[in-house]
Each structure stands twice: as C-alpha cells, then as structure tokens.
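Here is the structure we will look at, set down as structure tokens.
The values are calculated or read from the model by the stated rules, or taken from the named source; none is laboratory data. Predicted model, so just to flag it, every value in this text is computed and none were measured. Heads up, the Cβs are rebuilt from the backbone with ideal geometry, glycines too, and the neighbour counts pull from every protein chain shown.
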Amino acid sequence: MSVKIKPAIIVHGGAWKIPKPLWKKHINGCSAACRAGYEKLTAGDTAIDAVTEAVRILEDDPTFDAGVGALLNLLGEVELDAIIVDGNGTTSGSVAVIQHIKNPILVARKVMEMTPHRLLAGKGAELFAEQTGFKKCKTTDLIVGRELKRYARLNKNRKFKIPDAFRDKKGGTVGAVAIDSNGNLAAATSTGGVPKKLPGRVGDTPILGSGAFADNRCGAASATGWGESIMKSSLTKTACDFIYEGYSAQRAATMAIRDLQRRWDGLGGVITVDKDGNLGMAYNTPQMAFARIAGSGRFRAGIE
C-alpha cells in the first residue's frame, strides 16, 4: 500500500538586495502565491498544479521581475522566460524570449503537455501560444513605471555590470517547488531576465537543470540570480543531486549555493523540496524573499 505524503510548498520572489520599503510587498506577494499553491495541494491537485498556480500569481504581481513588472532589455522591450518540470519522469516545458504574453508559465506547461519538445523560443513560442488559445497583450501591459525609470537610468550608466543587479536593488526571478500527497514533485520558474540585457538573451530560467529541476527519486529545485553563473553550475540539478546522495533539502541547497560561489563566483539563490517533503532554501545575495508551508501545515514567510 502506498504511503501518503503530507503536501508542502515553498516559493521565492528573487534573491537580491531588496530595499526595506519594498519588503512588505515582496512578503505579501510570496505569501499569496504560496497559500494559493498549498490550497491546490490540500484539495488533492498535483504538485504541477500547485507550482503553476503559485508562479502565475507571482507573474501577475507587478512587484516581481516576471510577467507584469519585468525588466526591460536594451531596446525597451519585455522578453520573458519560464520553465515547469514534473518530477514524474523529469518531464519539462519551457519558453524563452517570448513577448506579448502575460503568463509565460502557462505557455511552458502547454509545451510540456502538448508537444514533443522541451523548449520553444521567440516567434515560435509566440505562435504556439496563439495557436493554443493565449491572447496576446501589448508590451505596455507588462511595463510598470518603476522599470521605465530603471531603464532610463541604466542606459546612462556605462559602469553598470549585470552581476551588480544581484548585489544592488534591481529585482529578481520568481519560482516554486512542491510535493503532493502522492509524492510527486514539481518545480517552476519565471523571469523577465536581467537589466540591460541584449535582445534575445536567454538566462538560466528556461534551461532544465539550471532554472528548475525535479526528479521524484530525490527532489525538486528552483533557482534565481545571475543566470550566466547559474548555468555554469547547473544549480538546480546540482542541488537535486546532493539530495540524491542523501543530504537533506536544506543541506543540499546550502551546498549547491556554496558550489555556485566558490567554483563559479556566482550569485543567486535556490529553493528545494525532497521526496519526503522537507524544504530548503539558500542564497549568497544580500536577501531573498520567500514563503513556505511545510508538511505540518506551518506557514512562514519573510525576507532573510
């Protein structure tokens, strides 16, 4: 007879230097996403349903660098990346540099469920979204005043380097990982990318094993931070491999971030859940926004 697992979920709202006046918005946004995902789990829905809902809510919240409120590229455009991973067979779907779509995580899920592919990018991703029923939005529907001001300011700053975005006040990717009552694991991540990025730039988010990973035999993970360094370290696959080797979800997250920093001089954060429902989180940026509901039902949210 199969043993039922107590559902658990953890979400992140990016790892960077979050200004104190914005803490409440980040905590509230992560809390709402986490609670919505947990409601899915307790209603008997799957881990995939839970992380989809959590990330969709974060994409709709202009506080975060995903969906509405995303950062702009050098041309002042919004290009979005997202990934979703089902731990049952490590099936995944992702989209990259997609424009005119409010919720790229929903398109990524369709890629996973309806195509033989893992990743669709650019115009192809947009065409697929249109063919599967998604309504296009205007670029202006995704841009908030904060990012217009940032865009104008950074265009004048020739000294700015992308890693500065995670040491300073520039915003972060969103993500969620969960386990359902049947022991299925899932991960999802979504982003608007980094400040001053070249048009067409693809970071870690839509790359399996970098932006997200899930395997029912060990755990699931979602990453945020400086994508170019996260890709070098295969951060989420590394974290799940540590879980597979017998480390706890928390220890695996800590070790993966330590590897990111020591070996690759990277900056970022990662959230984890293992096959027993234990949760973990680690980062080497000034702060990371999160919310979590453990298998015990205990809720916790904050910025650390």
Residue 229 meets each of (1) over 20 Å from residue 93 (Cα atoms); (2) part of a loop (DSSP other than H, G, I, E, B); (3) of a type outside the set (A, V, I, L, M, F, W, C); (4) touching a Leu at 6+ places or on another chain (Cβ under 7 Å) with one exception, condition (2)
Whichever residue in the range 5-58 is assigned to a loop (DSSP other than H, G, I, E, B) and modelled with pLDDT under 95 and, among such residues, is surrounded by the most Cβ atoms within 10 Å (Cβ to Cβ):
18
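Within the range 260-277, how many residues turn out to be outside any strand (DSSP E or B) and either in contact with a Leu (Cβ under 8 Å, 6 or more places away or on another chain) or in contact (Cβ under 8 Å) with a residue 40 or more places away in the chain (or both)?
Looking only at that region, the number is 7.
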Evaluation of residue 248 against (1) surrounded by fewer than 24 Cβ atoms within 10 Å (Cβ to Cβ); (2) closer than 23 Å to residue 94 by Cα; (3) small (Gly, Ala, Ser) (one fails), failing number:
(2)
Residues being under 17 Å from the mean Cα position of the chain (by Cα), in contact (Cβ under 8 Å) with a residue 60 or more places away in the chain and surrounded by fewer than 21 Cβ atoms within 10 Å (Cβ to Cβ) - total across the range 69-100
1
Taking only pairs six or more apart or across chains, which ones have beta-carbon atoms under 8 Å, a first residue in the range 141-166 that is farther than 20 Å from residue 265 by Cα and assigned to a loop (DSSP other than H, G, I, E, B), and a second residue that is at pLDDT 85 or above and of a type in the set (D, E, K, R)?
142/102
Would it be correct to say that residue 77 is touching a Pro at 6+ places or on another chain (Cβ under 8 Å), part of a loop (DSSP other than H, G, I, E, B), more than 20 Å from residue 185 (Cβ to Cβ) and of a type in the set (Asp, Glu)?
yes
Top-ranked residue of the range 249-299 - restricted to ones that are of a type outside the set (A, V, I, L, M) and in contact with a Cys (Cβ under 9 Å, 6 or more places away or on another chain), ranked as farthest from residue 212 (Cα to Cα)
299
Given the criterion in contact with a His (Cβ under 7 Å, 6 or more places away or on another chain), at pLDDT 95 or above and either outside any strand (DSSP E or B) or basic (Lys, Arg) (or both), identify the matching residue among 111, 107.
111
Tally, over the range 281-302, of residues that are touching a helix residue (DSSP H, G or I) at 6+ places or on another chain (Cβ under 8 Å), in contact (Cβ under 8 Å) with a residue 60 or more places away in the chain, crowded, with 20+ Cβ neighbours inside 10 Å and not polar (S, T, N, Q):
8
Which residue pairs have Cβ atoms closer than 8 Å, lie 6 or more positions apart in sequence or on different chains, and pair a first residue in the range 232-251 that is closer than 10 Å to residue 274 by Cβ with a second residue that is hydrophobic (A, V, I, L, M, F, W, C) and part of a loop (DSSP other than H, G, I, E, B)?
240/218; 243/218; 244/218
Failed condition for residue 255, given (1) out of contact with any Phe, Trp or Tyr (no Cβ under 6 Å at 6 or more places or on another chain); (2) under 26 Å from residue 184 (Cβ atoms); (3) part of a helix (DSSP H, G or I)
(1)
